[in-house]
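Working notes, beginning with the structure itself.
The values are calculated or read from the model by the stated rules, or taken from the named source; none is laboratory data. A quick note: this is a predicted structure, and the numbers were derived from the prediction, not measured. Neighbour counts run over all protein chains shown; Cβ positions are idealised from the backbone, glycine included. Just the protein is used for accessible areas: all its heavy atoms, side chains included, with ligands, DNA and RNA removed. Shrake-Rupley method; radii C 1.70, N 1.55, O 1.52, S 1.80 Å.
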Amino acid sequence: MSLPPPALHSLPLFVRMAGRAVILLGDGEPAAAKRRLLERAGARIVGEEATATLAIVAIEDEAEARAAIARLKARGVLVNAVDRPDSCDFTLPAIVDRSPVIVAIGTGGASAGLAAALRQRLEALLPATLGPLTERLHALRAAIRLAYPALDDRRRALGAAFAEGGALDPLRAAPEAVGTWLANATAPSDRRVTVPLRSTDPDDLTLGEARALALADRIYHATDIPAAILDRARADAIRIAADSAPETAEAGLTVWIAWA
């Protein structure tokens, strides 16, 4: 019997901050750093007495900070308490900005230094062309829908194009590649893939196996396949517990997972 997947420490959310009131309390560099981030996001910074749903407490004095946190939480305000992770209702991640693509790295307040180190690695990995590529995809979304009217076909075609070495590989493709890909649009074929499971660790999946799970329309699996493996699939992929692989072909991509 497989164990349930561990609960998420936090649910990542992207909140539009333009014009939104945010309470900021404190002085010194910690508060200044949060102010710069809020201003960059377009937030409207206000004092404690103002009406707001979010607050950042960057007060260094422990007793003063605890009192402010308690007052804000009593009002139902969600609080980020700088250097006090146990008091945080939300945390502010390290950010890689390739607008409109934003990558956020959080550690639940456990280590801001680790989040910063990961951000530096990702900064070097993600090219400057990623933002323009995304904007080009957005500009041509109507043409993409015309080329692939069915949602499942569109998702599979884009998934194949975004794969490593694909026509729209996000780490390599220039924005102009979207038009070339569209000009050569072909309907994705129906296929079945077998994933022979060798361990309970999702990191032991090969790149091809992980990609098949991420793109699958439906997954047939033995009843003792760990939830951690099944969680590598799309949230809306159909999951079917079965004793054996399906005998008949089905539309789209079907994956059968069984122990090797």
Round to the nearest 10 and report in Å² the accessible area of Thr51, as given by a 1.4 Å probe over the protein chains' heavy atoms. 130
Largest first, what is the accessible-area ranking of Lys73, Lys34 with a 1.4 Å probe? Lys73, Lys34
Hey, rough spin-label estimate for Ala63 and Ala33, points 7 angstrom out along Cα→Cβ, what's it come to in nanometres? 2.7
For Ala21, the residues 5 or more places away or on another chain with a placed amide H closer than 5 Å to its own amide H are Arg44
Once phi is turned into ³J(HN,Hα) by the Karplus curve 6.51 cos²θ - 1.76 cosθ + 1.60 with θ = phi - 60°, what whole-Hz value does each residue of region 242-251 show in order, with x for glycine and proline? 8, 8, 7, 5, x, 8, 9, 6, 10, 5
I need the phi-derived Karplus couplings for region 24-30: 6.51 cos²θ - 1.76 cosθ + 1.60, θ = phi - 60°, integer Hz, Gly and Pro marked x. 10, 10, x, 10, x, 5, x
Would you compute, from DSSP H runs of 4+ residues alone, the mean residue ellipticity of the chain at 222 nm, taking -39500 (n - 2.57) per run and dividing by the full residue count, rounded to the nearest 500? -10000 deg cm²/dmol
Debye sum, Cα scatterers, the chain, no solvent: what log₁₀ I/I(0) at q = 0.08, 0.12 1/Å? -0.48, -0.94
Cut-off under 5 Å, modelled amide H: who pairs with Leu197 long-range: Ala258, Trp259, Ala260
Candidate residues His9, His221, His138: accessible-area rank, largest first, probe 1.4 Å: His9, His138, His221
For region 135-251, what does the equivalent ellipsoid look like in terms of its semi-axes, each the square root of 5 times an eigenvalue of the Cα gyration tensor, given largest first in whole Å? 30, 17, 11
Accessible carbon and sulfur surface of the chain relative to its total accessible area, %, 1.4 Å: 56
So how much slack lies between Asp86 and Ser199, counting 0.36 nm per residue of separation and subtracting their Cα-Cα distance, in nm? 37.2 nm
Whenever you get a sec, line up Phe14, Phe90, Phe162 from highest to lowest accessible area (probe 1.4 Å, protein heavy atoms). Phe14, Phe162, Phe90
Note, region 84-95: 3J(HN,Hα) by Karplus (6.51, -1.76, 1.60, θ = phi - 60°), whole Hz, Gly/Pro = x, goes 9, x, 5, 9, 7, 7, 8, 10, 9, x, 6, 10
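Leaving out ligands and nucleic acids, note down the accessible area per residue over region 1-113 with a 1.4 angstrom probe, in whole Å².
Each residue of region 1-113 exposes 63 Å² on average to a 1.4 Å probe.
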Given the whole protein assembly as supplied and a 1.4 Å probe, what does the accessible area of Ser199 come to in Å², nearest 10? 30
